[in-house]
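Enquirer: For reference, the structure I am asking about is given below.
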Amino acid sequence: MEHEESRSLGERLLAQALRGEGLLLPSSDPSDEAAARLWQLLTRWSGNRTRNDLMVDIGLGRKIASIVAKRLAHLMANTAAPAPMRSC
């Protein structure tokens, strides 16, 4: 339960930090290939194995949401086909 709460908090914190960058959180739907590629690049950069692991680390304070958001914004700007955005 604590793991799920940390993941949820991490997702909210990252979404809030992205809003500060003028962006919305990319889809977590695995069938969305562009968004899946963004998450893959971001998790590789962060040293996490999965998106959920990254969200837990943000929720637990192991990673700083604003820094992760800036990296995600950079990845979004530099991808050939930007991922569809969704609100949280």
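Enquirer: Please list ARG62, ARG19 from largest to smallest accessible area, probe radius 1.4 Å, with all protein chains kept in place.
Expert: Ranked from most to least accessible, the order is ARG62, ARG19.
Enquirer: What number comes out for the charge environment of GLY47, summing +1 per Lys or Arg and -1 per Asp or Glu over other residues with Cβ under 15 Å away?
Expert: +4
Enquirer: Further, regarding this structure: Leaving ligands, DNA and RNA out of it, report the carbon-plus-sulfur percent of the accessible area of the chain at a 1.4 Å probe.
Expert: The nonpolar share, carbon plus sulfur, comes to 52 percent.
Enquirer: Once all Cα-Cα distances of the chain are split into 5 Å bins that start at 0, what whole-number percent is in each one?
Expert: 3, 16, 27, 30, 18, 5, 1, 0
Enquirer: SER66 accessible area, nearest 10 Å², 1.4 Å probe?
Expert: Its heavy atoms expose roughly 60 Å² to the probe.
Enquirer: Less than 11 Å Cβ to Cβ from GLU21, Lys/Arg counted +1 and Asp/Glu -1: what total charge do the surrounding residues give?
Expert: Residues near GLU21 contribute +3 overall.
Enquirer: Another question about this same structure. Apply the Karplus parameterisation 6.51 cos²θ - 1.76 cosθ + 1.60, with θ equal to phi minus 60°, to every residue of the stretch 52-59 and state each ³J(HN,Hα) to the nearest whole Hz, in sequence, with x for glycine and proline.
Expert: Result, rounded to whole Hz: 4, 4, 5, 4, 4, 4, 5, x.
The values are calculated or read from the model by the stated rules, or taken from the named source; none is laboratory data. Values in this document were obtained by computation on a predicted structure and should not be read as measured data. All Cβ positions, even for glycine, are placed from backbone atoms using ideal geometry, and neighbour counts span all protein chains on display. In case anyone asks, the SASA skips ligands and DNA or RNA and just uses the protein heavy atoms, side chains included. Shrake-Rupley method; radii C 1.70, N 1.55, O 1.52, S 1.80 Å.
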